[in-house]
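Participant: My questions will all concern the structure given below.
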């Protein structure tokens, strides 16, 4: 084991994948200069382990700022013998290539009757919580969950980021990974040897009996903080990180809810049609008899992301908001002020006014 | 360019295949035997075949909604194509693609696209594969005058230019985007746009001459194979039928005299005469060739009729390599 940052783990997975298979290539904006720190040994180009020096300009390719052709060309290359890893930098930029994602990447294998394989990984980072404003803060994975044919990965730890990315590169289907920028510096133990984490296997982060929290991406550390604070009051919380949203480990969540009888879903995406909405519906359908209280979602309310730190920070699932939601599902009085988390959690465009 | 008699006869054969296949498909739509609609390449056969035959067997190609001609031009057998149009299990895509989304990977056809211009980046990516893997394959992206105003074309031309990718951008300018005359929505000359990307751009004014198209595309393909990068070839042609079969817009947007003028210079008739004049084949031999093609189309329809529809469970296959979720 060695200690690695979330970002370092992604870089390590990319290096291993490049070394393991000559058909793996990395394309994207600014990958040659290692601007984001995932295509080199260190922060500087001269550091040992620079990808451009190691693998050459045929396999490490800077692109123009042309998301539509980057995504489409990666798909075409994947259909003809390459296994591209595409670095799209910010998740908000994925919209520029929506036609290619939805009409080509997701559909080609299906509509051509299985003739096409699409071994391509689209990496992007969600820069929310960092005062980058409305054009850089999106958490758009639920939109892509609504597109059959894509696989969706949302790692929350260095260990998962590395193991899931290796599996994603091995996959013959298109995988979108949504990395949380706010977790980039998180450190964790990572095996030195190669390993892979299957897509569709949730991780039980913490065992508990009184309530289940399914937490996504940066909501995972927030849920752990909530569970720890409630443990002091004798409340035992189970935290599950699904790690991948498509495929989704339905069984792990259902099993847990059957035991605890209570569910909170913490999801940094906007509330309406969020991953939390889908997970809640699925549990309501499959485990209704086990539920001893209504499911509570802790999401980002349906508003755009403002710039000012004093406006932005309150919007995402936080330890206190998840704590408050757990107290609610177990029927304990809450300590939050009346205009606090509860109001925020109900702020959906679809909610009754 | 000196093409062997066999190659020239193969050109005529493939043009005839497209014509007779699409004539039959058009009838089948009208009789309700093909669900949905189809877009025929009737009138554009020289442009399609001249381009396809300039490619080698291992080369890649993508296309658009006017979709049957491309795989036929690249050498696909007709049976699985016709079966796909009807939605049969033996269709080239197993009944999941239909007319708008044909693909036959066995001949390098990486897919037609129902979204105008959307397959151009795919062809560009196939060219990237060829470049990285150094396997000598060339890509060709077919698109119409309508797609010439889609942004992804210019993203693709820029990327292909800067990476010197082995690709030919082939604009099939049939002069109408559905009902809209190209010149009313297109600034300047499409072929001239190549200059902005530092690549050759040529316009084949007589797209009804299969050899003229072949020459232009062959030059572009050779350049691509030599590693010198992409080219843009614009071919002026004309579709005889409506934008899509069954569409009843009438002829308000197209002058009947204009259409008649183009029909008079029919690419198949023109090339047939040329083959006879050049002594490549006799009229009898060409009659026999036509009869063979008609038989091929009959057989394709028979194959289609004899084929079953896919089992409903097939709707849940091929989304992923291995099924996931409830389907796993």
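Every number here is computed from the coordinates shown, using simple stated rules; none is lab data. Remember, it's a predicted structure, so these values are computed and weren't measured experimentally. Neighbour counts are summed over all protein chains in view; Cβ atoms, including those assigned to glycine, are modelled from backbone coordinates with ideal geometry.
Participant: How big is the stretch B:235-326 on each of its three principal axes, counting only the C-alpha atoms and giving the largest first in Å?
Facilitator: The principal-axis extents, from largest down, are 63, 40, 26 Å.
Participant: What do you get for the angle between helix A:158-170 and the principal long axis of chain A? Use alpha-carbon atoms, 0 to 90 degrees, nearest ten.
Facilitator: 50 degrees
Participant: Within a 10 angstrom radius of the beta carbon, how do B:183, B:70 rank from fewest other beta carbons to most?
Facilitator: B:183, B:70
Participant: For the residues B:159, B:249, B:100, A:88, what sequence is obtained by ranking on other C-beta atoms within 10 Å, fewest first?
Facilitator: Values: B:159 27, B:249 12, B:100 20, A:88 23.
The fewest-first ordering by Cβ neighbours comes to B:249, B:100, A:88, B:159.
Participant: Related question: If I fit a long axis through the Cα atoms of helix A:275-286 and take the longest principal axis of the Cα atoms of chain A, what angle between them do I get, 0 to 90°, rounded to 10?
Facilitator: Compared with the principal axis, the helix lies near 60 degrees.
Participant: By how many degrees, 0 to 90 and rounded to 10, does the Cα axis of helix A:219-231 deviate from the longest principal axis of chain A?
Facilitator: 30 degrees
Participant: What spacing in nm lies between the two simple spin-label points modelled at residue A:206 and residue A:251, each 7 Å away from Cα in the Cβ direction?
Facilitator: 2.6 nm
Participant: Only bridges whose two residues both fall in the stretch A:177-273 count here: according to DSSP, what percent of them are antiparallel, nearest 5?
Facilitator: 25 percent
Participant: Counting only other chains, and only Cβ atoms inside 10 Å, what mean value do you get across the residues of B:87-96?
Facilitator: 3
Participant: Based on the Cα atoms of the stretch B:3-159, what semi-axes does the equivalent ellipsoid have, where each is the square root of 5 times one gyration tensor eigenvalue, given in whole Å with the largest first?
Facilitator: Semi-axis lengths for the stretch B:3-159 are 24, 19, 15 Å.
Participant: OK, next. How long are the semi-axes of the ellipsoid equivalent to the stretch A:2-190, from square roots of 5 times the Cα gyration tensor eigenvalues, in whole Å, largest first?
Facilitator: 24, 19, 16
Participant: Can I ask one more? Project the alpha carbons of the protein assembly as shown onto their principal axes and report the range along each, largest first, in whole Å.
Facilitator: 97, 59, 44
Participant: Residues of A:60-70, mean number of Cβ from any other protein chain within 10 Å of their own Cβ, rounded to a whole number?
Facilitator: On the way: counts 0, 4, 1, 5, 5, 1, 8, 2, 11, 15, 5.
Shielding by partners across A:60-70 averages 5.
Participant: Take the alpha-carbon centre of the stretch A:280-334, take the same for the stretch B:25-53, and report the distance between them in whole Å.
Facilitator: Centre-to-centre distance over Cα atoms comes out at 55 Å.
Participant: Can you divide the C-alpha Rg of chain A by 2.2 N^0.38 Å and report the result to two decimal places?
Facilitator: Values: Rg = 20.2 Å, N = 353, 2.2 N^0.38 = 20.4 Å.
With N residues counted in chain A, Rg over 2.2 N^0.38 Å equals 0.99.
Participant: Here is a follow-up. Does the stretch B:60-110 come out rounded, prolate or oblate by the C-alpha gyration tensor, with a ≥ b ≥ c the root eigenvalues, rounded set by a/c under 1.5 and, if not, prolate when a/b is larger than b/c and oblate if not?
Facilitator: Judged from the Cα gyration tensor, the stretch B:60-110 comes out prolate (a/c at least 1.5, a/b above b/c).
Participant: Can you sort A:278, A:286, B:264 by how many other beta carbons sit within 10 Å, fewest first?
Facilitator: Sorted ascending by nearby Cβ count, the order is B:264, A:286, A:278.
Participant: Taking the stretch B:87-129 as the region of interest, what is the percent of Cα-Cα pairs per 5 angstrom bin, listed from the shortest bin to the one with the maximum distance?
Facilitator: 6, 22, 26, 24, 14, 7, 1
Participant: Roughly how many nanometres apart are two label points built 7 Å out from the Cα toward the Cβ at residue B:282 and residue A:272?
Facilitator: Each label point is offset 7 Å from its Cα along the Cβ direction, giving 7.6 nm.
Participant: Per residue, how much space in cubic angstrom lies within the convex hull of the C-alpha atoms of the stretch A:143-213?
Facilitator: Enclosed volume per residue, from the Cα hull, is 131 Å³.
Participant: Regarding chain B, what are the three Cα extents along the principal axes, ordered largest first, in Å?
Facilitator: 54, 51, 42
Participant: Over all directions, the average projected area of the alpha-carbon convex hull for the stretch A:241-316 comes to how many nm²?
Facilitator: About 5.6 nm², averaged over all directions.
Participant: Given R₀ = 35 Å, FRET efficiency for residue A:351-residue A:189 by Cβ-Cβ distance, to 0.05?
Facilitator: Working from the Cβ atoms, E equals 0.25.
Participant: Which length gain, in nm to one decimal place, applies between residue B:302 and residue B:57 when the Cα-Cα distance is subtracted from 0.36 nm times their residue separation?
Facilitator: Stretched fully, the residue B:302-residue B:57 segment lengthens by 85.4 nm.
Participant: Report the relative contact order of the stretch A:2-190, percent, no decimals, based on alpha-carbon pairs under 8 angstrom and at least 6 residues apart.
Facilitator: Answer for the stretch A:2-190 is 27 percent.
Participant: Packing-wise, with mean Cβ within 10 Å as the measure, how do A:198-206, A:302-310, A:242-250, A:59-67 rank, highest first?
Facilitator: A:242-250, A:59-67, A:198-206, A:302-310
Participant: Debye sum, Cα scatterers, the stretch A:203-345, no solvent: what log₁₀ I/I(0) at q = 0.11 1/Å?
Facilitator: With one equal scatterer per Cα and no solvent, log10 I(q)/I(0) is -0.35.
Participant: Okay, next question. Given an 8 Å cut-off on Cα distances and at least 6 residues of separation, report the relative contact order of the stretch B:13-81 as a percent.
Facilitator: Here the relative contact order equals 39 percent.
Participant: Per-residue Cβ counts within 10 Å, from other chains only, averaged over A:94-104: what number is that?
Facilitator: Rounded to a whole number, the mean comes out at 3.
Participant: State the antiparallel share, in %, of DSSP beta bridges confined to the protein assembly as shown, rounding to the nearest 5.
Facilitator: Working: 12 of 66 bridges.
Around 20 percent of the beta bridges assigned by DSSP in the protein assembly as shown are antiparallel ones.
Participant: Whole Å is fine, so just give me how far the alpha carbon centre of the stretch A:211-267 lies from that of the stretch B:82-150.
Facilitator: Rounded to whole Å, the Cα centres lie 44 Å apart.
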